[in-house]
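The values are calculated or read from the model by the stated rules, or taken from the named source; none is laboratory data. Given the structure is predicted, the values throughout are model-derived calculations rather than measurements. Positions of Cβ are backbone-derived with ideal geometry, glycine not excepted, and every protein chain shown enters the neighbour counts.
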Amino acid sequence: MARRSAPQETDEPFEERIVEIDVTEEMSNSYLEYSYSVIYSRALPDARDGLKPVHRRVLYQMNEMGLRPDRGFVKSARVVGEVMGRLHPHGDGPIYDTLVRMAQPFSMRLPLVDGHGNFGSLGNDDPPAAMRYTEARLTPASLLMTADIDEDTVDFGPNYDGQETEPEVLPAAFPNLLVNGAAGIAVGMATNMPPHNLGEVVAAARHLIKKPEATLQELMRMVPGPDLPTGGRIVGLDGVRDAYETGRGVFRIRAAAHMETLPNRRKGIVVTELPYNVGPERVIAKVKELVQNKKILGISDLKDLTDRANGLRLVIEVKNGFNPEAILEQLYKLTPLEESFGINNVALVDGQPLTLGLKELLEVYLDHRFEVVRRRSEYRRRKRSDRMHLVDGLLIALLNIDAVIQTIRTSENAANARERLMAQFELTEVQANYILDTPLRRLTRFDRLELETEKEKLAREIAELTAILESDALLRRTVSDELAKVAKDFATPRRTVLLEAADAPLTATVPLEVQDAPCRVLLSSTGLLARTGPLEGDDAVDGPRARHDAVVSAVAGTLRGDIGVLTSAGRLVRISVIDLPSVPATAAPVNPAGGAPVSEFLDLAADEKVLCLSTLDPQSPGVALGTLQGVVKRVVPDFPANKDEFEMIALKAGDRVVGAAELRTGQEDLAFLTTDAQLLKFSADQVRPQGRPAAGMAGIKLAEGASVLAFTVVDPERDAVVVTVAGSRDALPGTGTGTAKVTPYQLYPSKGRATGGVRCQRFLRGEDTLVFAWAGATPAHAADEAGNPVDLPPLDPRRDGSGSPLRKAFAAVAPGA
């Protein structure tokens, strides 16, 4: 038991009074009062207008301030001050938080406040600016919440100090609770309601008006599920059905994502929609944490490219060798890209918190609208009847205008005039006062016509309003028509995609990493690199490319292996095959449908060119290469695994590699072609393999002023040709002048290494050099500098004959398949 202490003794006498109180009962009663206050006055929305008291007070006060959409913005601090001073007995923080939320398009499906300034970001990653910086006004949709509030449509009650009045509920011309949802935590209970699509909710409400006994299944044909402001995908509808039936349920929200090929030709996961109330910063932080802890593999970078023009855009770059679909599946499981939403439809009905299903929510709202329209109709009929009464009196005065004026002139005062008018013309006191207050300029013949027209209009409107009040069917049709107009003016397409299967994975089960598999790596005449053997879901890379792109070098490899790129500077650079863009296998080795410039994978000097590709296989016979000064070298395939670049030959000053190829058997022919039209071929086994630092050995004996134009490796077991083009040293490159000749390779005899070779084309008048030469397997395909196909001359059986006129210059020749 607790005993209240008596007041301290004073000089004045007093009567001591001690009240015995049970502590348990006192705490119980006090806590119940507190709980009811929180439930009714703060945390739970009213099922009729879907608003908590603070939301209702903000909208009502903004409407009273005249902050309409067609007027200017005012400081948010002014709105907060007016609400706090007149209606809300709490601090400014909750009021401003309410104002901010009603202005956020990512929080509400149909925002009720038009905000100007920083009102925060998705997931509250960026908090809103202080209320002294932001401005606000009502949106057109919020006018529907307060429409007709001055026509006795709702009850008003005293504010916290009894000096003002405030509405107990707003008229709410649309089902705000379902459209915008609600969230709140009370004492012993909470509410969490997702937003829905306005058009769908209105359709269900109108169906329920027309067919009050409609089943939940019928309503769910029109409202299949929530429609969240941020879009996304709801996965699994069982929880939604439970919530619509019982008021409680759980569903999963999944971010919307798709795969893209990024500018760096890697695959990327692009997220364009996030789950409700999830911000990008939260996702980014979680992904970085998982990557750092190595709980998720295959992500090389994550960028937030969100802007006002394109909206949300999170780009997750996937490392080559990993399946983006498998990584996205892991992201859904381990990050906020997939979240659960628990529906708890708790709202106040007649002051009592109840858990409501979809049909009950619509029924409570429709009962409210029926009452609003009924009270509005009664108010309008009463106002029009009062006006009709005045118009009737004024028409009587107009019909007896002379007598009325005479009566007023001969009266001693206004009270006497009123009594005489009432007695003489059988007028009511209201009519007599109105006649006395009407200026004489209103008592003209034109005004009489206006009054008669007004009387007819009032009679028609009174009849229409009476019909609504006397017919329940007409009342329901009026509410339905008003809802249809709201949907027509404010409904928007659905943003959230509904997926029925709750437990189905995003894609078929695929391994996280790309499996190693055989492929071919191609080098085109225009300097593009690509690989064949596409994986499932690994499409060819789009982008600028030449039409033909003859393949000048092709080697076998594996997707997760490496290949080497040999350049004219005598260096070989290791690159990863998985980094190369993929082209369809049917397009190889001629006319690949894509590729990437070699400059994306290695740095080349100004005068450095890529010559061939190498498998880096330590069991191969090695790489053969020839230089401008006639040096030949066969390099031992010794490539350390810890180095990405190797020097293949020690070049002399002024020398460079003009041709190279990987040997397959070691029994191939090596062919030199020089500028003075000499061809030397000998077997590769005549060249002793050397280590990478060696300088090579003599390959062809050059005449004075001559140099090596081409060096190729030819398989003697295959049909081959020699392609040469003769011209003038003074002719400009690419002019198409000169003569071309295609000769069977077998016509040329083999000679020993370091000899001069035999002539391969006779010069005509004006010709003094070979400008192009190549030897290789048939069929041979020629291409110009842009990669476009060029026709070769017919086969010439003369070993050292002259060529035929060149129709179109070509820059490369490559063997066919």
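Of Val100, Val113, all but one fail to be surrounded by 20 or more Cβ atoms within 10 Å (Cβ to Cβ), touching a strand residue (DSSP E or B) at 6+ places or on another chain (Cβ under 7 Å) and at pLDDT 95 or above; the exception is Val113. Of the residues making up the stretch 201-217, not one is among the β-branched types (Val, Ile, Thr), surrounded by fewer than 17 Cβ atoms within 10 Å (Cβ to Cβ) and within 33 Å of the chain's Cα centre (by Cα). Does Asn180 count as surrounded by 14 or more Cβ atoms within 10 Å (Cβ to Cβ) and touching an Asp or Glu at 6+ places or on another chain (Cβ under 9 Å)? So Asn180 fails the test. Only one of the listed residues (Arg729, Arg692) is modelled with pLDDT under 95, under 30 Å from Lys643 (Cα atoms) and basic (Lys, Arg). That residue is Arg692. The residues on offer are Leu228, Leu219, and the sole one that is in a helix (DSSP H, G or I), touching a residue at least 40 places away in the same chain (Cβ under 8 Å) and either outside the structural domain of Arg531 (by TED's automatic domain parsing) or among the aliphatic types (A, V, I, L, M) (or both) is Leu219. Being outside any loop (DSSP other than H, G, I, E, B), in contact with a Ser or Thr (Cβ under 7 Å, 6 or more places away or on another chain), touching a residue at least 60 places away in the same chain (Cβ under 8 Å) and not acidic (Asp, Glu) holds for only one residue in Leu465, Leu483, and it is Leu465.
This table checks each residue for (1) under 19 Å from Glu454 (Cα atoms); (2) assigned to a helix (DSSP H, G or I); (3) in contact (Cβ under 8 Å) with a residue 24 or more places away in the chain.
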{"site": "Asp392", "(1), (2), (3)": "yes, yes, yes"}
{"site": "Leu398", "(1), (2), (3)": "yes, yes, yes"}
{"site": "Ser411", "(1), (2), (3)": "no, no, no"}
{"site": "Gln424", "(1), (2), (3)": "no, yes, no"}
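The strands (runs of 3 or more DSSP E) found entirely in the stretch 615-712 that carry 1 or more residues being within 19 Å of Asp562 (Cβ to Cβ) and under 54 Å from the mean Cα position of the chain (by Cα) are 623-627, 631-635, 645-647, 657-662. From the list Leu274, Leu198, Leu262, Leu228, which one is crowded, with 21+ Cβ neighbours inside 10 Å, aliphatic (A, V, I, L, M) and within 24 Å of Ala326 (Cα to Cα)? Checking each option against the conditions leaves just Leu274.
Table: residues versus (1) outside any loop (DSSP other than H, G, I, E, B); (2) over 30 Å from Lys457 (Cα atoms); (3) of a type in the set (Ser, Thr, Tyr); (4) at pLDDT 90 or above.
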residue: Val287; (1), (2), (3), (4): yes, yes, no, yes
residue: Lys303; (1), (2), (3), (4): yes, yes, no, yes
residue: Ile316; (1), (2), (3), (4): yes, yes, no, yes
residue: Ser340; (1), (2), (3), (4): yes, yes, yes, yes
residue: Lys359; (1), (2), (3), (4): yes, yes, no, yes
residue: His368; (1), (2), (3), (4): yes, no, no, yes
residue: Glu371; (1), (2), (3), (4): yes, no, no, yes
residue: Arg376; (1), (2), (3), (4): yes, no, no, yes
residue: Arg381; (1), (2), (3), (4): yes, no, no, yes
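Only one of the listed residues (Arg418, Arg380) is assigned by TED's automatic domain parsing to the domain that holds Ala459, free of Cβ contacts under 8 Å to residues at least 24 places away in the same chain and either closer than 30 Å to Thr496 by Cα or not polar (S, T, N, Q) (or both). That residue is Arg418. Restricting Gly659, Gly756, Gly666, Gly738 to residues that are surrounded by fewer than 20 Cβ atoms within 10 Å (Cβ to Cβ) and either at pLDDT below 90 or within 30 Å of Gly787 (Cβ to Cβ) (or both) narrows the list to Gly666. Please work out which one of (1) surrounded by fewer than 19 Cβ atoms within 10 Å (Cβ to Cβ); (2) in contact with a strand residue (DSSP E or B) (Cβ under 9 Å, 6 or more places away or on another chain) is the condition Ala606 fails and give its number. Exception for Ala606: condition (2). From (1) in a strand (DSSP E or B); (2) under 22 Å from Ala77 (Cα atoms), pick out the condition that doesn't hold for Met131. That leaves (1) as the condition not met. On the basis of being under 30 Å from Gly236 (Cα atoms), surrounded by 14 or more Cβ atoms within 10 Å (Cβ to Cβ) and hydrophobic (A, V, I, L, M, F, W, C), does Leu499 make the cut? In short, yes.
Filtering the stretch 253-271 to residues that are farther than 15 Å from Leu305 by Cα and either assigned to a loop (DSSP other than H, G, I, E, B) or touching a helix residue (DSSP H, G or I) at 6+ places or on another chain (Cβ under 8 Å) (or both) leaves Arg254, Ala255, Met259, Asn264, Arg265, Arg266, Lys267. Considered as a group, the residues in the stretch 70-114 that are touching a residue at least 60 places away in the same chain (Cβ under 8 Å) and in a strand (DSSP E or B) include one that is farthest from Leu143 (Cα to Cα), and that residue is Lys75.
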